[in-house]
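Structure, as structure tokens:
Only the coordinates and a few stated rules stand behind these numbers; no lab work does. For clarity, every value in this text was computed on a predicted model and none was experimentally measured. In this analysis, Cβ positions are derived from the backbone assuming ideal geometry, glycine residues included, and neighbour counts consider all displayed protein chains.
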Amino acid sequence: MCDVCGCQLTDTSDKRIVEVNQSLLEANDRQGDANRTHIERMGAVAINLISSPGAGKTTLLEHTIDALGSKLRIGVIEGDIETERDADRIRAKGVAAVQLTTGGACHLDAPLVHKGLHALEDQANSNGETAGGRKYDLIFIENVGNLVCPATFYLGEHKRVILVSVPEGSDKPAKYPTTFRGADLFVITKTDLLDYFDFSLDEADKEAVRIRPELEIMHLSATTGDGFTAWIDWLKKLVA
Amino acid sequence: MAGWAGQDTRSAMHELSLALGLIGQLLALAEEHQARKILKVRVTIGPFSGMVTDSFSFGFDALKQENTLTRESALIIETPDPEYTCLQCGNCFTCPAGHVPGPRTFTADLPCPDCGSEHCTAKGGDELILKQLEME
């Protein structure tokens, strides 16, 4: 229909079909790739830690820093909806930490982690590290406590680790399969509580492997140290 | 990144983050193709992508109102059939009608249709793709 008078004589419609075939996550994934390059330029391997709130991500990191902090240069990016509490806990261990507060968002995305990486690099520089050189061996990105949304967003990490704690129940892999499909390592935490909860390690392991056959699995308690060596060895092998 | 949800506090639900990201992609594509408005938006959402399509549509319909370019955009969501691979016999198959698809659907209750193994794993299905636009 003519735009000017509404007559049917001329078809001035310029409707067009455009084939796009772009990922909806393209902007995020592109930034994720850039983050990966940035991480490697700093000399580091990065791990994206994903779990529900309270599964013990920060506690695991505290014990990991105790075990490896004198041998490896560790940096931590903490994702939370609010507060600096987790970053404060990490800083108390004498390790560089950056707090990212999402202000409501339920996950970290690559552009936000990009900021975190620059802040980590600045901290290394102000500690006298030479600009442009190797600054970290290991960077942990502790995602916002959530077993659903973080799974969709690639942050530039080398490995993705999922934590489930014993009090949460052994049905978690079955109930959150999408999250487990993208994981490299599945860690069951708080195994010192197995006597008090109806948690089947066998069920959790079997379900997780059913979803992702190549998944590595560990069971540990950061408090008692049970199974903790396997985690530390896994990390050492990563940075070797 | 223009239009990306990262710094927008409205991105509390990840479907909303992705809808916000999509609006950003649409605005950029409209500018590139010098379009006045976008009429149809065709997306493919994989059955194992972890996206709740209703939430995504809801977010898109709310956010599209903010731009004249997208105000009339109709979102068309295509969901491919869920596919599985049997780890025992290598058979690839889709979820039979009447069953709720999921990455772990093929268990003891619903084994591989070929060899009966319950060790089947989801194949692909995590795609989130902006396929095609109709614009003028």
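Considering the options A:194, A:154, A:231, tell which one lies farthest towards the positive end of the dipole of chain A, charges being +1 on Lys and Arg and -1 on Asp and Glu at the Cβ, about the Cα centre.
Result: A:231, furthest along the dipole toward the positive end.
Among rounded, prolate and oblate, which fits the protein assembly as shown when a ≥ b ≥ c are the square roots of the eigenvalues of its C-alpha gyration tensor, a/c under 1.5 means rounded, and a/b larger than b/c means prolate?
Taking the square roots of the gyration eigenvalues as a ≥ b ≥ c, the protein assembly as shown is oblate.
Neighbouring Cβ atoms within 10 Å as the yardstick, rank A:107, B:33, A:114 fewest first.
Listed from fewest to most nearby Cβ atoms, that is B:33, A:114, A:107.
So which trypsin sites (Lys or Arg not before Pro) in the range A:34-113 end up in coil per DSSP with only 16 or fewer other C-beta atoms within 10 Å?
Counting only loop positions with at most 16 other Cβ atoms within 10 Å, the trypsin sites (Lys or Arg not before Pro) in the range A:34-113 are A:71, A:93.
Based on the Kirkwood radius over alpha-carbon pairs, what value in µm²/s does the Stokes-Einstein equation return for the translational diffusion coefficient of the range A:20-93 at 20 °C and 1.002 mPa s?
147 µm²/s
Over chain B, with a single point scatterer placed on each C-alpha, what log10 of the ratio I(q)/I(0) does the Debye formula yield at q = 0.10, 0.15, 0.18, 0.19 1/Å?
One equal scatterer on each Cα of chain B leads to -0.43, -0.75, -0.92, -0.98.
Could you sort out which of A:57/A:237; A:93/A:175; A:57/A:236; A:93/A:190; B:37/B:131 sit more than 26 Å apart by Cα distance in this structure?
Over 26 Å Cα-Cα: A:93/A:175.
Can you pull out the chymotrypsin sites (Phe, Trp or Tyr not before Pro) in the range A:147-200 that DSSP calls coil and that have at most 12 other Cβ atoms within 10 Å?
A:196
Grab the other residues whose beta carbon is less than 9 angstrom from that of residue B:94, score K and R as +1, D and E as -1, and report the net.
Spelling it out: positives minus negatives among the neighbours equals -2.
Just add up the charged neighbours of residue A:156: K/R +1, D/E -1, any other residue whose Cβ is under 10 Å from the Cβ of residue A:156.
Here the charged neighbours net out to -3.
In debye, nearest 20: dipole of the range A:26-239 around its Cα centre with unit charges on the Cβ of K, R (+) and D, E (-)?
Charge dipole, the range A:26-239, about its Cα centre: 560 debye, nearest 20.
Ignoring the sites themselves, what is the longest stretch of chain B with no trypsin sites (Lys or Arg not before Pro) in a DSSP loop and at most 12 other beta-carbon atoms within 10 Å?
For trypsin sites (Lys or Arg not before Pro) (loop position, at most 12 other Cβ atoms within 10 Å), the longest site-free span of chain B is B:72-136.
Binning every alpha carbon pair distance of the range A:26-239 at 5 Å from zero, what are the percents per bin?
Going from the shortest bin to the longest, the percentages are 1, 7, 16, 20, 21, 17, 11, 5, 2, 1, 0.
With the crude spin-label approximation of a point 7 Å out along Cα→Cβ, what separation in nm comes out for residue B:81 versus residue B:40?
2.3 nm
Let me have the 222 nm mean residue ellipticity of chain B computed from DSSP H runs of 4+ only, each contributing -39500 (n - 2.57), with the sum over all residues rounded to the nearest 500.
Taking each H run of at least 4 residues, the total per residue is -7000 deg cm²/dmol.
Relative to the longest principal axis of chain B, what angle (0 to 90°, nearest 10) does the C-alpha long axis of helix B:53-63 take?
Compared with the principal axis, the helix lies near 0 degrees.
Distance between the C-alpha centers of the range A:70-106 and the range A:173-208? Whole Å please.
25 Å
How much net charge surrounds residue B:76 when only other residues with a Cβ under 12 Å from its Cβ are counted (Lys, Arg +1; Asp, Glu -1)?
Cβ neighbours under 12 Å give a net charge of +1.
Before rounding to the nearest 500, sum -39500 (n - 2.57) across all DSSP H runs of length at least 4 in chain A and divide by the residue total; then give [θ] at 222 nm in deg cm²/dmol.
The helix contribution divided over chain A gives -10500 deg cm²/dmol.
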